[in-house]
Amino acid sequence: MTELPEQERLDELESLRVQVAVEARLSNFDPAQAISHDDMRARYGQEALTSN
């Protein structure tokens, strides 16, 4: 195994942290409790969701 530069190691560590967070959220996801895209648009407005 080759040694990675420090920034690459930090990036990899951050990716692993994100992956753990995503897996935790998905394991508790209940589709019955999810809010539809249309409901989000009605609640927060079209512009707020598409301005990116």
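The values are calculated or read from the model by the stated rules, or taken from the named source; none is laboratory data. All values reported here derive from a predicted model rather than from experimental measurement. All Cβ positions, even for glycine, are placed from backbone atoms using ideal geometry, and neighbour counts span all protein chains on display.
Filter segment 1-12 for residues that are of a type in the set (A, V, I, L, M) and surrounded by 10 or more Cβ atoms within 10 Å (Cβ to Cβ) and give the result.
Leu4, Leu10
Pick out the one residue from Ala32, Ala48 that is part of a helix (DSSP H, G or I), at pLDDT below 95, surrounded by fewer than 10 Cβ atoms within 10 Å (Cβ to Cβ) and of a type in the set (A, V, I, L, M, F, W, C).
Answer to the check: Ala32.
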